[in-house]
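Since the structure comes first, as structure tokens, the remarks are kept for the end.
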Amino acid sequence: MTVHFKQDEPVNSNRLDGMKQGVLGKPLPRIEGLAKVTGTASYAAEFPVENCAEGVLVTATITRGEVTSIDRESVLSMPGVIAVIDDEKLCTRAAQGTANEAPMQGPSQVCYWGQPIALVVAETFEQARDAAKHLAVEYRKEEGAPLDPSEVEPEEQEDETVHQGDLAHAMADAAHSVDVTYTTKGHASAAMEPHAAIAQWDGDKLTVHASLQMLNYNITELADALDMKEENIRLISRFVGGGFGSKLGISEEVVAAALAAKEVGRPVRVVQSRQQVFQTVMRRSETTQRLRLAADSDGKLIGFGHEALVSNLPGETFAEPVLQSSHFMYGGENRELMLNVARIHRMTAGSVRAPGEAVGMPALEGAMDVLAAKAGIDPVELRLRNIPEKDPEDGLPFSSHKLAECLKQGAEAFGWDKDQRKPRQRREGEWWIGTGMASAARVHNISEAKARVTLKTDGTALVETDMTDIGTGTYTILAQIAGEMLGLDPKRVLVELGDTRHPRGPGSGGSWGAASIGSAVYVACKAIREELATRIGTSEDKLELSEGKTATGESLTDLLEGKDLAREGHYEPGDIEDDYTASGFGAFFAEVRVNHYTGETRVERMLGAFGFGRVLNAKTARSQCIGGITWSIGVALTEALEFDPRDGHLVNCDLAEYHVPVHRDVPDLDVVLVEERDGAASPIQAKGIGELGMCGGAAAIANAIYNACGARLYDYPMTPDRVLAVMPD
Amino acid sequence: MRPFQYTRAPSLAEASNMTAGKDTLAIAGGTNLLDLMKLQVETPDQLADINRLGFAEIEDTDNGGLRLGALATNTETAVHPRVRSDYPVLSRAILAGATQQLRNKATNGGNLCQRTRCFYFTNIDQPCNKREPGSGCGAIDGIAKLHAILGTSDQCIATYPGDMAVALSALGATVHISGDKGERSVPVRDFHCLPGDTPWIENVLEPGEIITGIVLPAPVGGTQIYRKVRERSSYAFALVSVAAIIELTDGKFSRADLAFGGLAHKPWHDPRVGECLLGQPPSDALFDKAADILLENARGFGENDFKIPLTRRTLHAVLSQATEDAA
Ligand SMILES: Cc1cc2nc3c(=O)[nH]c(=O)nc-3n(C[C@H](O)[C@H](O)[C@H](O)COP(=O)(O)OP(=O)(O)OC[C@H]3O[C@@H](n4cnc5c(N)ncnc54)[C@H](O)[C@@H]3O)c2cc1C
Ligand code: SF4
């Protein structure tokens, strides 16, 4: 039985706070943690499948053109080689998040260097890899493919454009104005688990073990790519070794494995090499962003401009949504916002953790610091003065807004030194020391979701959905929600995820997972409670359940009368999305040291205060924040994709040369959870937290660099060479 | 990865024999070689495992120096009590490289022979004169941030990426080599080559020659510094590094042994740099003079132009620190 709940109104009853089990929000360790650290959790490539052949992708060595011939004979005689697949159904790119249709296919048309063009299948991985390198391919090359975003006429993303009032005028009239251009380099998701799939056919039924974030979309994408019916496909993705956006849509190996398994008549595994993952899946676009801020003498914004240039391949709909939070972050009645996308032939640009704000907020919050310094206003105070009452563009109320609390509580906890705003005040030996801060914002996303909850006669509960846990804690929080609602210790709740046989969840992406699937579980549990309440002649809102018993001592098992009780919860966001602007907010504070001689920057300590609705598990929420802040350090200081200027290929395609922060770069990080209940965001009053922790943090570091040594940088990441270039003597 | 034969070399002589042909490579820790084999940058038909041939000891020499076995691991070397007390610059240089896990596996001999991290060298679908003579150099006009500013040629601008050898160069260590023609020793400063017209030749080892050890001269004391400037605080190769052994007597430099990493196809040792300091009291002007000499012929390739001022500043930092510590 399915219970449908479409949310058109805020849910302000705080029901979950009144439940008796008292497990929601508790810092429980992750249910699957032990299995993961002891190696018993099987990832996609690890499923024991008998008689499995191994496939390795062959990738293009030209930037644009056509594959004119593939000489299969050049490898078919090599030891162990079984087949060469160059089916036109092979995918040449990964699907964008929520695409819900096949990504680009047709491997004979080459659009970027490194694009998959074929698959070699062999008995062993090593044989396949060697043969893939030896496959003789001929091309017809098309010269002159544009590679540099600044060299092409960009396309305006019109739905992002805002012209409100007269910004030029406001800039001219302003007591204080800032007109600066920031740049950010491309980023990679760099998830630990490489993209991998094992495909197996049984007649016309296909089973694929893959590493994917959103099975509910992925199954449609795969069916479309293979021209099959969804009911003939089963996708399994129980554990995902990190996704960060790179596994939102199906990627090339999934379709390749399925096609190959069909052709060779046995299971086929395809694992992308680290270099291939870097070069063929998704990059975050580089950006160029112009910020214009016009303020009156009190520092109140009267004008706000944010224009950005990003890039992508021809044929892609995704454009890094740099302006997402800029639309509502600060006031200013005169507004100019514009997003342009340049079509260039680098690999696909798509979602990497916090698409948009991850790079938009660091630019905006850097510019705010420039304004604070110009106006002589403390940067925390400047932000407090500019928090809008309502959305400055569409006039909608905010569903909830904790920026002021985050700024104040964060400043307090960090020990923000208001009086230390002049640069170059502290030096220890070779090192300049300084502090900086920035606001955080990440739009709240929510999605339709279904989950089945079964209360079992043995006194346990089962939660089933095709939702994934990409390492964030989904298994655990769903056990907590169901445990809270049904009065069960979460240990008695079995959560089964990552299998398309289960009801369709929302997928993990855009930080919407917990609030969306959590709401579906909530809806299902509520329906079970209603049934139980009827059985004991009371109403659901009066039903008190804990430790498997009602308040009057009846056990749930007795109430079930020997039959499992199952309900499918179907949660759907309703019109409420048009009634409110909903976002998570926060504030970052950082202390850094900058070496006077070498320009090296080290983060000494960092704190983030975040308001994102209900905290479902204080430990997993905190971990998400810490992970986000760590990414902020990468954006600020170390991470940059480098592309060859002549053929556009990604050169630093491994973890030695693409510099994610290492332990030593990450000091003690402090997190302040500013709890709130946001009933307009979701029925469980939660918002997303997976991305907020990196939306602006890089600016706190950049601003601290300025405060430390007086070097004002406008280009992320702020590597030693860039710091030295503007370091005052 | 191409299929290959694996053979455990039964003796040093046999190892020499096997590696005399160009299709066999010695493997020690494998931390560099195996990565390159997976990328098919190295495609030996056979690997000669030299790990069981002995020469893994670290022993005192008769004249008070220290002999580091070629098969001693980087970790064993860095934590050795005599290395720590008598040759701290070496310990620091090793610990500034790679990660604990890699250092546990990496050997001293392998470390000396590690190959460049040039992006075009490690990608077999790109041109590279070092990997494929005559195919061109991808890095010149490409992404060359890590590349050399000294001793480059129009064939190759790669750097030698290691840290340990930079300290060994400052210390004036000697590499001991065994081959079919017998044993010989070569100063570390002469072990690596400049690219010239033969960028595929990286060091003086002849086919069949195996490094058996590295000998450190008797300790000289002084203030020993290894400074590595990099883009993250660990697990990154040097943009620039400086190994320095400095002594002041009566307020004047009486010893200044300096070597530099990240600048060239070899650890860079220019004796004139240290010599110009000798007998002089430390001053910013003097440090600048040393940097002028060092960087006299430096040439950037766009992306790596910053290395010129960065080297100057890092040298300043190291000499300031050393003279403060020594004072
Ligand atoms: C991710 C990563 C980061 C790293 N970072 C750093 C760094 O920051 N600084 C740094 O200095 N190094 C760094 N390294 C390199 C590391 O130090 C070397 O890989 C290691 O020292 C090589 O030693 P090995 O014993 O594993 O050599 P192997 O891989 O076994 O061999 C390397 C080469 O040396 C040859 N060889 C080995 N032993 C002998 C011998 N006795 N005689 C003759 N030839 C021999 C082999 O034939 C082969 O060509 C890094 C490596 C990796 C993978
Ligand atoms: S710099 Fe040297 S190693 Fe790099 S591409 Fe050029 S020739 Fe090859």
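The values are calculated or read from the model by the stated rules, or taken from the named source; none is laboratory data. Worth saying up front: this structure is predicted, and the values here are computed from it rather than measured. When we count neighbours, we look across all protein chains shown, and the Cβ atoms used for this are built from the backbone with ideal geometry, even at glycine. Note: areas computed on protein heavy atoms with side chains; ligands, DNA, RNA excluded. Shrake-Rupley method; radii C 1.70, N 1.55, O 1.52, S 1.80 Å.
Two decimals is fine: what is log10 I(q)/I(0) at q = 0.10 Å⁻¹ for chain B, from a Debye sum with one equal scatterer on every Cα and no solvent? For chain B, the Cα-only Debye profile gives -0.56. With every protein chain in place and a 1.4 angstrom probe, the accessible-area ranking of A:Asp166, A:Asp130, largest first, reads A:Asp166, A:Asp130.
For B:Asp305, the accessible area of its heavy atoms, probed at 1.4 Å with every protein chain present, is near 70 square angstrom.
State, as an integer percentage, the relative contact order of segment A:213-314 based on alpha-carbon contacts under 8 Å between residues 6 or more apart. Relative contact order comes out at 19 percent. Along the axis of the charge dipole computed for segment A:214-290 (Cβ charges of +1 for Lys and Arg, -1 for Asp and Glu, origin at the Cα centre), the listed residues A:Ala257, A:Gly243, A:Val268 are led at the positive end by A:Gly243. Give the lysines reachable from A:Lys89 as a straight Cα distance under 23 Å; neighbours fewer than 8 places away on the same chain don't count. Within the straight-line limit of under 23 Å, A:Lys89 reaches these lysines: A:Lys133, A:Lys141, A:Lys205, A:Lys229, A:Lys247, A:Lys262.
Shown here for segment A:13-73: GluC sites (Glu not before Pro) in loop regions (DSSP other than H, G, I, E, B) with at most 10 other Cβ atoms within 10 Å, namely A:Glu50. Which of the trypsin sites (Lys or Arg not before Pro) found in segment B:155-229 are in a DSSP loop and have at most 12 neighbouring Cβ atoms, other than their own, within 10 Å? For trypsin sites (Lys or Arg not before Pro) across segment B:155-229 that sit outside H, G, I, E and B with at most 12 neighbouring Cβ atoms in 10 Å, the list reads B:Lys181.
The mean number of Cβ atoms from other chains found within 10 Å of a Cβ in peptide B:225-233 is 6, as a whole number. B:His176 sits with roughly 50 Å² accessible to a 1.4 Å probe, with DNA, RNA and ligands left out of the calculation. Divided by 2.2 N^0.38 Å, where N counts the residues, the Cα radius of gyration of segment B:223-326 comes to 1.04.
Take each residue of peptide A:647-657, count the partner chain Cβ atoms within 10 Å of its Cβ, and average: the result is 5. Values of log10 I(q)/I(0) for segment A:131-176 across q = 0.29, 0.30 Å⁻¹ run -1.06, -1.08, by the Debye formula with one identical scatterer at each alpha carbon and no solvent.
Run through the DSSP bridge list for the protein assembly as shown and note the antiparallel percent, rounded to the nearest 5. Don't skip to the answer; put the middle values down first.
Numbers: 134 of 178 bridges.
Expressed as a percentage, antiparallel bridges in the protein assembly as shown total about 75.
Partner lysines whose Cα lies under 16 Å from the Cα of B:Lys289, excluding those fewer than 8 positions away in the same chain, are identified as B:Lys252.
Using Cβ point charges alone (K and R +1, D and E -1), the dipole size of the protein assembly as shown about the Cα centre works out to roughly 2460 debye. The packing ranking, built from the mean of other Cβ atoms within 10 Å per residue, places the peptides A:100-107, B:81-88, A:565-572 in the order A:565-572, A:100-107, B:81-88, highest first. Within chain B, the longest run free of GluC sites (Glu not before Pro) that sit in a DSSP loop with at most 14 other Cβ atoms within 10 Å is B:58-295. Among the residues of A:718-726, the average count of other protein chain beta-carbon atoms within 10 Å of the residue beta-carbon is 4.
Taking all protein chains as shown and a probe of 1.4 angstrom, B:Cys137 keeps an accessible surface of around 40 Å².
Using helices alone, I'd like the mean residue ellipticity at 222 nm for chain B: each DSSP H run of four-plus residues gives -39500 (n - 2.57), total over residue count, nearest 500. Provide the component values of the computation, followed by the final result.
Details: 12 runs with 96 residues, N = 327.
Value at 222 nm, helices only: -8000 deg cm²/dmol.
Under the combined filter of DSSP loop state and at most 10 neighbouring Cβ atoms within 10 Å, segment A:485-565 retains these GluC sites (Glu not before Pro): A:Glu561. In percent, rounded to a whole number, the relative contact order of segment A:384-527 is 23, using alpha-carbon pairs under 8 Å and six or more apart. With Cα atoms as the point set, segment A:664-729 shows a radius of gyration and Dmax of 17.4, 57 Å.
Solvent-accessible surface of protein heavy atoms, probed at 1.4 angstrom with all chains present, puts A:Ser511, A:Ser325, B:Ser254, A:Ser297 in the order A:Ser297, B:Ser254, A:Ser511, A:Ser325, largest first. With N counted as the residues of the protein assembly as shown, its alpha-carbon radius of gyration over 2.2 N^0.38 Å works out to 0.99.
For the pair segment A:123-166 / segment B:165-208, the C-alpha centres are spaced 43 Å from each other. For the residue pairs A:Lys26/A:Lys687; B:Lys22/B:Lys181; B:Lys105/B:Lys181; A:Lys26/A:Lys390; A:Lys563/A:Lys619; A:Lys374/B:Lys307, the C-alpha atoms sit more than 25 angstrom apart in B:Lys105/B:Lys181; A:Lys26/A:Lys390; A:Lys563/A:Lys619; A:Lys374/B:Lys307. Here the alpha carbons of segment B:151-291 define both size measures, Rg and Dmax, at 16.5, 51 Å.
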